[in-house]
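The values are calculated or read from the model by the stated rules, or taken from the named source; none is laboratory data. It should be emphasised that the depicted structure is a prediction, and the values quoted were computed from it without experimental measurement. Heads up, the Cβs are rebuilt from the backbone with ideal geometry, glycines too, and the neighbour counts pull from every protein chain shown.
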Amino acid sequence: MQRTVLSPADCAALVPDLAGTRNANIWVYRYTHPAQPWTLSIATHAPPGSGKLSLGGFRIAPLERTRSAGFTTDREAIALAMGMEEKVHWSRVIGVGGPLASRDLTRVVGGKCVLAPTPDSRVGNPRDAEMLTWAAECLNDVERHAGIHITTGQDLGHGRMAGGAMGSLEFLHARFAGSVVADTSIPTGEGNYQIMRGMLRAFGVSLEQATIGLIGCGNIGMHIVKALQPHAGVTILACESREERRAELEAMGIRTWGPEEKQAFLAMPMDALAVNAAGGTLDATSVATCAANGRLKVICGSENLVMPDHRGVDVLREARKVYAPTELGGMMGYLTAVEEYLSVLEGVPFAVSTMLKAAERLETAGYEATARIISGGHRETVEDAVTALYA
């Protein structure tokens with residue numbers, strides 16, 4: 001077991017943006033396999049020996065992320081843990097969560113697990129079980145060594161194991177108790193839908209008359225589609241990388257664009273845009289296209305690492321668009337994971353439906369924050385408005 005521990009100073013040197021965040025203290029526990037080129041980085045805001053719950057999904061890094069400039073599992077895990085800590089903060093401020101998580105949120109901090117696989121060890125390939133068995137050993141080692149509790153679950157890269165007998169989350173859960181198995185995409189998608197609905201309501205736009213654009217139609221995006229479909233009169237547009245998913249959406253009567261057509265898609269007349277792709281969707285060019293879209297009012301979603309240059313927030317605000325940070329729209333996934341984890345510990349039933357009900361709080365928050373921003377002449381960001389209303 002080859003473990004390397006990075007201190008907060010080490011992490012700040014790797015990701016300079018960490019120094020300007022709400023909580024700059026992150027530790028990384030990096031594991032390298034002795035025989036295979038597998039690397040697992042576990043980033044957490046939990047101080048050693050604190051006994052805190054470190055929440056954040058287990059990401060098997062997709063190929064497009066491992067090929068991105070400057071990628072390392074350490075940097076990716078640190079950046080994603082920063083976003084998770086923001087989700088924890090805003091869920092406390094707004095007062096969102098299931099009954100157990102709401103009771104225990106002071107114990108929760110943000111974290112993330114990022115694993116770089118080899119082609120033959122990606123889920124569904126011959127060595128997936130060997131790699132995930134090793135990853136579970138690493139997760140157990142962190143808890144023993146650091147004196148914290150890792151709670152992790154669904155993220156990119158998971159699915160059916162080779163042979164199809166078991167899902168990768170179930171496989172991990174059988175070997176590491178902190179790995180939860182709930183489909184967090186359902187409440188995450190519901191959070192997207194609810195915050196969008198509230199933000200549009202503040203503009204006086206009902207879903208029945210709205211045109212909604214979606215970038216990324218995986219599990220989260222498809223939940224939004226299903227939530228929107230009962231609203232007669234809604235128009236859905238979708239930008240999706242997978243040809244087979246585009247065909248599925250087209251069969252549902254939804255017009256689609258491929259990723260190479262993203263700028264043309266963003267220029268389409270739409271009232272709201274929800275971003276749920278693999279990362280980096282709101283690059284500078286895309287932000288400029290959104291700012292120039294005269295009809296677009298609301299931008300939200302739950303995509304991690306969505307905006308490479310945070311100055312895009314001001315570009316959108318100055319164009320009188322209301323941008324909800326994706327940490328707001330994405331918080332329901334982590335809240336579902338902690339609710340399931342605490343339910344198991346306390347021997348009480350857990351139901352995802354509880355989290356769908358909890359997500360309705362985001363509709364109110366989206367409405368009230370957006371209404372404040374509009375009445376104030378778009379001088380505030382969503383973070384400013386939420387803080388002023390609820391903190």
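Scanning the range 100-148 for residues that are under 18 Å from S41 (Cβ atoms) and part of a strand (DSSP E or B) yields V109, G110, G111, K112, C113, V114, L115, A116. Inside the range 177-192, residues that are at pLDDT 95 or above and touching a strand residue (DSSP E or B) at 6+ places or on another chain (Cβ under 8 Å) make up a count of 1. On inspection, F171 passes the criterion of being assigned by TED's automatic domain parsing to the domain that holds G51 and either surrounded by fewer than 20 Cβ atoms within 10 Å (Cβ to Cβ) or without any contact (Cβ under 8 Å) to a residue 60 or more places away in the chain (or both). Of the helices (runs of 4 or more DSSP H) lying entirely inside the range 279-351, those carrying at least 2 residues that are among the β-branched types (V, I, T) and over 20 Å from A81 (Cα atoms) are 284-292, 312-318. Only one entry in E318, E240 is farther than 30 Å from R107 by Cα, surrounded by fewer than 16 Cβ atoms within 10 Å (Cβ to Cβ) and touching a residue at least 24 places away in the same chain (Cβ under 8 Å), namely E318.
So, I299, is that one surrounded by fewer than 22 Cβ atoms within 10 Å (Cβ to Cβ), within 19 Å of I212 (Cβ to Cβ), β-branched (V, I, T) and not assigned by TED's automatic domain parsing to the domain that holds L156 or not? In short, no.
Put simply, of A35, A13, A46, A9 the only residue that is in the same structural domain as H145 (by TED's automatic domain parsing), touching a strand residue (DSSP E or B) at 6+ places or on another chain (Cβ under 6 Å) and outside any strand (DSSP E or B) is A46. Looking only at residues in the range 118-147 that are over 22 Å from the mean Cα position of the chain (by Cα) and β-branched (V, I, T), which one is surrounded by the most Cβ atoms within 10 Å (Cβ to Cβ)? Looking at the filtered set, the residue picked out is V142.
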